[in-house]
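Q: Sharing a structure with you now.
No lab work stands behind these numbers, since they all come straight from the coordinates. The structure presented is a predicted model; accordingly, all values stated were derived computationally and were not measured. Counting neighbours? That spans all protein chains shown, and the Cβs are built from the backbone with ideal geometry, glycine included.
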Amino acid sequence: MTTVERADTASSAVGTPVLAVRDLSVSFTTEGGTVSAVDRVSLELAPGEIVGMVGESGCGKSVTAMSIAGLLPDSARISGSVRLEGTELVGTREPVLRRVRGKEIAYIFQEPMTSLNPVLTVGRQIGEVLRVHERMSRRAARARAVELLSLVGIPSAGKRVDNYPHQLSGGMRQRVMIAMAVACGPKVLVADEPTTALDVTVQAGILQVLRDLRDRLGTAILIITHDLGVIADIADRVVVMYAGRVVERAPVTDLFAHPHHRYTAGLLSASPTPGVHAGTQRLQEIPGLVPVLSTQPDACTFADRCPAADATCRESAPPLAAVGAAVTHHLAACWHPCPAPRTESPEATP
Amino acid sequence: MTVLTVPPADVAGTPGISRRSRVLRRLRRNPLAVVSFVVLALVAVAALLSPWIAPYSVDQPDFAHTFGPPGTPGHVLGTDDLGRDVLSRIMLGARASLQVALLAVATSLVVGVPLGLAAGYFRAWDAVISRFTDLLLAFPFLIMAVGLAAIRGASLANAAVAIGIAQIPGVIRVVRSDTLRLKSLDFVAAAVVDGASDLWVLSRHVLPNATSVILVQATVAIPAAILGEAVLSFLGLGIQPPAPSLGTMLATAQQFAARAPWAAVLPGLVIMGLALAFNVFGDALRDALDPKGDRR
Amino acid sequence: MARYLLTRAWHSALTLLLSTVVVFLGVRALPGDPALALAGEDRSPEALEAIRHHYGLDQPLPLQFAQYVERVAQGDFGESIRTGVPVSSMLTTALPVTVELALLAILIAAALGVGAGVLAAVRRGHPAEWLANGLALVGLSVPHFWLGLLAILYLSVATGLFPASGFVPLLEDPVDNLHHIVLPAVILGTGLAAIIMRQTRSAMLDSLSSDHVRTAKAKGLRPRAVITRHALRNSLIVVVTIVGLQLGGLISGAVVTEQIFGLPGFGKMTIDAVFQRDYPVIQAVVLLTATAYIVINLLVDLLYSVIDPRIRVTGDPA
């Protein structure tokens with residue numbers, strides 16, 4: 001554990017984090033017993049930073065995202081700490097959390113069709129946030145909703161404000177979701193698979209809107225995806241999750257250049273180059289399934305699928321520790337990190 | 001939200017032994033299901049055997065002992081306006097209720113299941129069958145019973161037919177939507193590609209997999225039919241006196257309410273208990289069959 | 001939108017036509033000579049001849065049908081063969097009673113059913129959920145005419161709080177009218193309430209676990225706003241449809257309730273007619289019920305399209 005602490009302190013040199021998640025664990029009580037979904041996850045977001053969280057379905061990334069503002073169902077057991085500008089959110093009373101949600105921490109979800117209320121106009125849904133958090137009048141909220149719609153790049157916003165979600169295209173709906181999320185100028189924006197349900201061409205537009213907002217409003221963005229192309233396109237830093245744990249954490253260029261964890265390496269084996277949007281570059285297939293765990297074992301959870309696993313991997317869990325050059329803040333949780341930078345790529349040869 | 005990675009076999013709800021045993025296990029674990037099932041089993045046995053185990057003959061009047069309150073020596077539940085034993089009449093009345101209910105539900109299934117399959121499977125039939133459904137729905141069961149009674153005279157069979165016809169639209173609806181669902185599944189599509197005839201696909205692939213929704217529909221239709229029979233007999237449109245029926249017992253009780261108000265209580269309680277047991281069991285069965293299974 | 005409504009209207013018209021054919025043929029399906037049935041007591045050959053001529057029974061069937069439709073369209077349902085009173089004037093006195101009873105029952109049912117359904121969905125695992133679910137199951141299983149009987153025996157007769165039977169027209173004395181009709185309406189309403197409760201509960205559970213409710217929570221809305229503005233509003237669309245479909249059950253229930261409470265409505269008229277073999281009355285009753293069902297469900301569909309914008313504006317470029 002001490003290694004982890006030290007490592008975190010090192011990475012926070014970037015600046016005072018707006019959001020700091022420490023040792024967050026989440027488990028659920030279900031019909032079939034307890035299921036551990038997230039195990040001691042730590043991450044930080046500096047103001048204006050875009051952090052990408054990547055992993056397969058069921059690795060705990062969405063659960064982590066939802067737990068940040070206390071949006072998990074009552075069946076969830078949460079421990080650890082989530083601090084927003086130093087204020088603890090875990091265990092905070094519901095009325096206090098409600099003032100944070102939508103105002104300080106806002107969300108964008110995967111399915112823009114189902115995430116919007118089908119029977120209310122988009123203007124009303126955007127205005128609702130403003131009326132709740134900014135105590136705006138109905139008229140003022142509507143006017144602001146029009147501004148927000150143009151801000152996220154919706155043409156003829158004055159007309160669109162009175163549309164119902166089904167009258168808009170998928171990309172437009174996601175822009176509406178974004179407008180709704182940034183309405184109160186949140187410090188943190190959590191985007192859970194914001195582009196997964198959209199066409200490739202539409203995806204780029206949505207990512208551009210997110211980048212613009214970061215530049216203009218200084219919002220820190222946590223973007224959750226299983227699409228490495230999205231990460232390469234937009235993220236400053238990356239957190240790789242596997243079976244509820246963070247297995248690797250690094251600046252985006254470092255991670256793509258030299259993944260240390262075997263899982264990350266597996267994901268990247270057909271990866272795009274950072275900075276260049278590679279379209280629908282999805283995670284490469286790794287044989288096996290993400291295990292469903294009732295308790296987190298004292299072992300590497302990836303051991304069963306890992307080509308380099310040995311007895312150590314099955315006996316104790318590797319800590320998330322600094323790897324590579326110290327200045328890069330590159331951390332990985334692996335007993336046998338990938339030895340060398342991955343194969344000499346053409347541009348690396350002198 | 002991705003909370004759990006469930007093994008795919010469970011999500012697909014694969015038919016077969018594993019699923020059946022899981023449904024049974026869920027039912028056994030649900031105390032309400034067990035209690036309602038035991039009640040239903042006891043009632044069914046009592047009703048089946050009632051002609052032999054009823055303490056008295058149901059149409060044996062005893063004018064010396066009319067309107068005996070419950071607890072009358074020799075008549076645990078008392079006697080009615082003609083001095084007949086109430087317990088015996090309730091037992092045979094419950095038997096008649098079940099008879100009508102089963103007859104009605106059987107009628108609705110015999111007509112509704114093939115029509116539902118056809119509506120879901122053959123596009124061309126869908127429109128015609130839904131007009132037929134609309135037509136049936138336009139005649140509420142009581143009005144249907146009134147019409148039938150006017151044409152053919154009131155009887156047990158007419159009550160059952162009126163109730164059964166009224167339940168056809170519900171059967172068509174659930175079978176149709178399940179057929180549509182099954183038709184889109186890979187194994188059915190594969191059978192079609194392999195050149196299986198429509199009849200083969202329907203009888204071998206669609207119908208067996210639709211049994212669970214049909215079963216649930218039948219369990220909720222039975223209590224509705226029991227209540228329907230009671231209403232019709234109460235109004236004189238169903239089972240005809242002197243044949244024992246819970247509904248006619250209530251009608252008699254209404255006539256003599258001033259002399260024997262208690263007589264109105266028991267038959268009603270029996271009808272309610274029967275319907276309640278079926279409804280509770282039906283709910284439990286539906287929950288147990290639900291592949292999501294978290295609705296409790 | 002327009003296409004949707006046209007299709008619905010066309011289907012309704014078709015169903016109405018088919019129902020009329022069924023009702024028309026129903027009387028022809030009577031065993032023996034329909035003239036005999038229609039004649040009632042007076043069975044002299046002249047009287048039968050007059051009836052045959054009056055109802056056009058001596059004409060070919062399609063022509064008879066056309067004449068029947070024409071008469072019905074003018075509000076002429078023939079005369080009661082028992083009293084000679086025109087069926088239309090019997091309906092004029094009986095219908096308002098039934099309509100009032102049904103409307104009041106729907107109001108009671110909607111208030112009870114939606115309230116309990118929301119409560120059960122929101123308070124999951126709470127004793128309130130068990131109570132609401134249990135009451136709904138009992139409400140679904142209890143014979144309502146029996147509840148009515150008990151209410152008369154143990155409430156009206158024993159306490160004198162409510163009249164046991166009889167009716168006072170609304171326009172004559174509104175207070176006394178309500179006094180007579182409230183107990184029957186409650187009895188009739190509870191059955192429907194149980195169905196509405198279960199539908200509301202399951203629609204609310206679906207709604208509460210939907211993505212847009214998650215969005216509403218993530219926006220920082222109060223639970224109250226999440227439930228009413230985002231979950232209930234969408235669930236009500238389902239509930240409205242259910243009320244429309246349950247109309248048949250409501251009509252059946254009204255017939256029995258009127259019979260028990262001695263309300264001089266449509267239902268009592270129907271049952272009396274069956275036992276008196278008053279065929280013109282039965283024919284009118286059946287046709288009218290079918291028409292009411294079809295028309296009201298068409299109206300429900302219109303209402304549906306008003307509540308749900310997805311239907312209202314179909315055809316708009318998406």
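Q: Starting from 0 in steps of 5 Å, tell me what percent of the Cα-Cα pairs of the stretch C:178-220 lands in each bin.
A: In whole percents, the pair-distance histogram is 5, 19, 15, 13, 12, 10, 9, 8, 7, 3, 0.
Q: With N set to the number of residues, divide the alpha-carbon radius of gyration of chain C by 2.2 N^0.38 Å and report two decimals. Before the final figure, lay out the partial values.
A: Details: Rg = 23.8 Å, N = 318, 2.2 N^0.38 = 19.6 Å.
Here the Cα radius of gyration is 1.21 times the empirical estimate.
Q: Could you check the spin-label model distance between C:SER156 and A:ALA321? Points 7 Å from the Cα along Cα→Cβ, value in nm.
A: 8.7 nm
Q: Now for a different question. Would you calculate a helix-derived [θ] at 222 nm for chain B, using -39,500 (n - 2.57) for each DSSP H run of n ≥ 4 and dividing by the full residue count, to the nearest 500?
A: Details: 12 runs with 208 residues, N = 296.
Here the helix-only value at 222 nm equals -23500 deg cm²/dmol.
Q: Let me ask something additional. First measure r as the distance between the Cβ atoms of C:VAL238 and B:LEU82, then evaluate 1/(1 + (r/R0)^6) with R0 = 41 Å and state the FRET efficiency to the nearest 0.05.
A: Working: r = 50 Å, r/R0 = 1.21.
That gives a FRET efficiency of 0.25.
Q: Sort C:THR159, C:THR98 by Cβ crowding within 10 Å, fewest neighbours at the top. If you can, show how the numbers build up before the last one.
A: Details: C:THR159 8, C:THR98 24.
Ordered by Cβ neighbours within 10 Å, fewest first: C:THR159, C:THR98.
Q: What distance in nm separates the simple spin-label points at C:THR93 and C:TRP10, each placed 7 Å from Cα in the Cβ direction?
A: 4.5 nm
Q: As I understand it, the value is the acute angle between the Cα axis of helix B:246-255 and the longest principal axis of the Cα atoms of chain B; what does it come to in degrees, rounded to 10?
A: Here the helix axis deviates by roughly 40 degrees.
Q: What list do you get for C:THR20, B:THR248 if you sort them by fewest beta carbons within 10 Å? Each step should come with its number before you reach the end.
A: On the way: C:THR20 17, B:THR248 25.
Going from least to most buried by this count: C:THR20, B:THR248.
Q: Here's something else I'd like to know. P(r) of the stretch C:140-188 in 10 Å steps, Cα pairs, percent per bin?
A: Result, from short to long distances: 27, 50, 20, 2 percent.
Q: Can you compute 3J(HN,Hα) from phi for each residue in the stretch A:104-119, using the Karplus curve 6.51 cos²θ - 1.76 cosθ + 1.60 with θ = phi - 60°, rounded to whole Hz and x for Gly and Pro?
A: 9, 10, 10, 10, 10, 10, 5, 9, x, 6, 8, 7, 9, 6, x, 9
Q: Turning to a different aspect of this structure: Could you work out the Rg to Rh ratio of the stretch B:97-289, with Rh taken as the Kirkwood radius (inverse of the mean 1/r over all Cα pairs)? Walk me through the numbers before you get to the answer.
A: Working: Rg = 19.7 Å, Rh = 18.1 Å.
Answer for the stretch B:97-289: 1.08.
Q: Under 17 Å Cα to Cα from C:LYS217, which lysines show up? Leave out anything in the same chain fewer than 8 places away.
A: Filter leaves A:LYS103.
Q: Roughly how tilted is helix C:247-261, in degrees to the nearest 10 and between 0 and 90, from the longest Cα axis of chain C?
A: Orientation of helix C:247-261: about 70 degrees from the principal axis.
Q: Still on this structure, I have one more. Using a Gaussian network for chain B with springs between C-alpha atoms less than 10 Å apart, which of these wobbles most: B:LEU276, B:LEU136, B:LEU199?
A: B:LEU199
Q: Along the stretch B:264-272, what does the Karplus equation 6.51 cos²θ - 1.76 cosθ + 1.60 (θ = phi - 60°) give for ³J(HN,Hα), rounded to whole Hz, x for Gly and Pro?
A: So the Karplus estimates, Gly and Pro as x, are 7, 7, 4, x, x, 4, 5, 4, 5 Hz.
Q: Okay, moving on. Given a Förster distance of 22 angstrom, what is the FRET efficiency for A:SER137 paired with A:VAL96, based on the Cβ-Cβ distance and rounded to 0.05? Spell out each step's value before the answer.
A: Values: r = 25 Å, r/R0 = 1.16.
Approximately 0.30, to the nearest 0.05.
Q: Under 1.5 on a/c is rounded, so check that first for the protein assembly as shown, then, if it is not, pick prolate when a/b is larger than b/c and oblate when it is not; a ≥ b ≥ c are the square roots of the alpha carbon gyration tensor eigenvalues.
A: Numbers: a/c = 2.42, a/b = 2.08, b/c = 1.17.
Note, shape of the protein assembly as shown comes out prolate.
Q: Determine the calculated [θ] at 222 nm for chain C from helices alone, applying -39500 (n - 2.57) to every DSSP H run no shorter than 4 residues and normalising by the residue count; nearest 500 deg cm²/dmol.
A: Values: 14 runs with 229 residues, N = 318.
Mean residue ellipticity at 222 nm (helix-derived): -24000 deg cm²/dmol.
Q: For the stretch C:163-265, what log10 I(q)/I(0) values come out of the Debye formula at q = 0.10, 0.19, 0.24 1/Å, with one point per alpha carbon and no solvent?
A: -0.45, -0.89, -1.14
Q: Taking the Cα atoms only, what angle lies between the long axis of helix C:2-28 and the longest principal axis of chain C, rounded to 10 degrees?
A: Computed tilt is about 40 degrees.
Q: What are the principal axis extents of the Cα atoms in the stretch C:202-318, in Å, biggest first?
A: 66, 36, 17
Q: Right, something else. For the stretch B:119-197, take every pair of Cα atoms, bin their distances at 5 Å starting from 0, and report each bin as a whole percent.
A: Cα pair-distance distribution for the stretch B:119-197, in percent: 3, 14, 18, 16, 13, 11, 9, 7, 5, 4, 1.
Q: Sticking with this structure for a sec: Can you list residues whose amide H is under 5 Å from A:ASP39's amide H, if they're 5+ apart or on another chain and H is modeled 1.01 Å from N?
A: Placed amide hydrogens put A:VAL26, A:ARG245 under 5 Å from A:ASP39.
Q: Okay, next question. Return the tail of the calculated pair distribution for the stretch B:41-127, meaning the percent of Cα-Cα pairs more than 15 Å apart. Working shown, then result.
A: Working: 2518 of 3741 pairs.
Of the Cα pairs, 67 percent sit more than 15 Å apart.
Q: Assuming R0 = 30 Å, what is the FRET efficiency of B:LEU42 and C:ARG123, from their Cβ-Cβ distance, to the nearest 0.05?
A: On the way: r = 34 Å, r/R0 = 1.14.
Working from the Cβ atoms, E equals 0.30.
Q: While we're here: How large is the charge dipole for the protein assembly as shown, taken about the Cα centre, if only the Cβ atoms of Lys, Arg (+1) and Asp, Glu (-1) carry charge, to the nearest 20 debye?
A: Details: 79 positive and 74 negative charges, 330 e Å.
Result for the protein assembly as shown is approximately 1580 debye, rounded to the nearest 20.
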